[in-house]
Amino acid sequence: MPTYLLYGKFTPEFWQTIRRDPEAAPALVRKMAERSGCLVEHFFFALEEFDFYAAVSGERPEDLTTVRNQLMADGAFRALHAEQLFTFAELFPGEQAIAEA
């Protein structure tokens, strides 16, 4: 199942909502993900370049694209990015990690 790292910046207005209700941001991301048949596995607030990071998985990559587009249309984000994540086995099928001696 494809997993994406979804990350971005909230609008100043949405930050005001988050200050009143800290669950507002993860709840919004979960709601949009579930609408597209995806699952938010982890959600983290951040302090540097981006405001949050979330690991989102779904059956099809296009479902994850839909999540991103729906979130941007909601107006709570100034910027939103997604990067596909891979395990070692997904990147190198049939390979095994070389153990350090």
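The values are calculated or read from the model by the stated rules, or taken from the named source; none is laboratory data. Worth saying up front: this structure is predicted, and the values here are computed from it rather than measured. Every residue, glycine among them, receives a Cβ derived from its backbone with ideal geometry; neighbour counts consider all protein chains shown.
Would you pick out the residues in the stretch 31-86 that are outside any helix (DSSP H, G or I) and among the hydroxyl-bearing types (Ser, Thr, Tyr)?
36, 53, 57
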Quiz item: Within the stretch 1-17, can you find the residues that are within 17 Å of residue 72 (Cα to Cα) and in a helix (DSSP H, G or I)?
Solution: 12, 13, 14, 15, 17
Quiz item: When you go through (1) surrounded by 19 or more Cβ atoms within 10 Å (Cβ to Cβ); (2) over 13 Å from the mean Cα position of the chain (by Cα) one by one for residue 28, which number turns out not to apply?
Solution: (2)
Quiz prompt | From 78, 60, 68, residue being closer than 29 Å to residue 18 by Cα, over 14 Å from the mean Cα position of the chain (by Cα) and either of a type in the set (A, V, I, L, M, F, W, C) or surrounded by 13 or more Cβ atoms within 10 Å (Cβ to Cβ) (or both) | solution = 78
Exercise. Search the stretch 16-31 for residues that are at pLDDT 95 or above and pair each with any residue that is of a type in the set (S, T, N, Q) when their beta-carbon atoms are under 7 Å apart and the residues are at least 6 apart or on different chains.
Key: 24/17
Quiz item: So which residues in the stretch 70-98 are touching a strand residue (DSSP E or B) at 6+ places or on another chain (Cβ under 7 Å) and of a type outside the set (Gly, Ala, Ser), if there are any at all?
Solution: 71, 72, 77, 78, 80, 81, 83, 84, 85
Exercise. Kindly indicate which of 45, 52 is modelled with pLDDT of 95 or more and over 26 Å from residue 90 (Cβ atoms).
Key: 45
Quiz prompt | the stretch 72-95: number of residues that are in contact with a helix residue (DSSP H, G or I) (Cβ under 6 Å, 6 or more places away or on another chain) and without any contact (Cβ under 8 Å) to a residue 60 or more places away in the chain | solution = 0
